[in-house]
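Colleague: Here it is, the structure in full.
The values are calculated or read from the model by the stated rules, or taken from the named source; none is laboratory data. No experiment lies behind these values; they were computed from the predicted model shown. We place every Cβ from the backbone using ideal geometry, glycine too, and count neighbours over all the protein chains shown.
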Amino acid sequence: MNDQLQQTLHGTAMPDISENVEIISTLMDYCEDDWEVLKSEARQISEWSPDLVKIFYDTLYSYEKTASVFHEGERPKVEERLARWIASLASGTKEKDFWQHQWIIALVHIQRGVRNIYVLGMMNRLQQIILQKCMETYEQPKALRVYTAFLRLSGVIAALIAECYTELQESITTQGLSMAGLNPGLVQRIRELQIGKMMGQMGSDGRAS
């Protein structure tokens with residue numbers, strides 16, 4: 001964790017995200033057995049990891065909008081982090097603070113100017129690659145079992161990160177308004193007015209009028 005992030009977190013209580021985890025897990029049909037499925041294929045997943053990491057960062061670095069979030073010369077470091085993250089999913093051991101750590105990942109992304117659309121897009125890209133690897137490596141029933149375990153686990157992570165983005169931005173906005181002596185309800189009112197304006201500019205069929 002870098003110095004700037006430590007300063008950001010200093011004196012700030014980490015939120016209780018257990019309810020979010022419960023909601024997401026229920027909606028995605030996530031279960032603890034998913035960890036065991038991936039653990040049973042840890043060696044195979046480790047063999048896939050270099051390809052996953054290369055495709056992931058080749059994609060990000062080759063696109064101007066996403067390449068701009070990186071610092072010069074840091075690719076080896078971020079590649080190592082992704083490789084560790086992949087290995088953690090196949091470790092079979094979910095530490096008690098695993099989900100909380102995903103909130104921290106979201107915080108780091110926001111700090112770096114990484115948009116949610118990048119996070120969700122690249123998570124989907126990883127899921128696509130894992131699907132391809134599973135289909136190439138296993139017979140269909142096992143391919144489906146391994147891929148589904150990864151899909152559910154990575155899906156919970158992606159949804160949790162997205163929700164943390166929302167909650168953190170709302171918290172920052174509320175705190176900012178409070179410091180400025182403004183009613184936080186003003187934001188909701190402005191949001192409603194803006195949505196109404198946008199809807200008014202759309203035809204009944206959802207297209208711009």
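Colleague: From the set of residues in segment 1-35 that are surrounded by fewer than 14 Cβ atoms within 10 Å (Cβ to Cβ) and hydroxyl-bearing (Ser, Thr, Tyr), which is modelled with the lowest pLDDT?
Modeller: Here the answer is 12.
Colleague: Further question: Look at residue 90 and say whether it is hydrophobic (A, V, I, L, M, F, W, C), touching a residue at least 40 places away in the same chain (Cβ under 8 Å) and in contact with a Lys or Arg (Cβ under 9 Å, 6 or more places away or on another chain). First the steps, then the outcome.
Modeller: On the way: hydrophobic (A, V, I, L, M, F, W, C): yes; touching a residue at least 40 places away in the same chain (Cβ under 8 Å): yes; in contact with a Lys or Arg (Cβ under 9 Å, 6 or more places away or on another chain): yes.
Yes.
Colleague: On to the next question. Just one of 158, 162 is out of contact with any strand residue (DSSP E or B) (no Cβ under 9 Å at 6 or more places or on another chain) and crowded, with 19+ Cβ neighbours inside 10 Å; which is it? Outline the logic, then answer.
Modeller: Numbers: 162 fails: crowded, with 19+ Cβ neighbours inside 10 Å.
On inspection, the qualifying residue turns out to be 158.
Colleague: State all residues of segment 91-139 that are hydroxyl-bearing (Ser, Thr, Tyr) and modelled with pLDDT of 85 or more; if no residue qualifies, say none.
Modeller: Going residue by residue through segment 91-139, those that are hydroxyl-bearing (Ser, Thr, Tyr) are 91, 93, 118, 137-138.
The answer is 91, 118, 137, 138.
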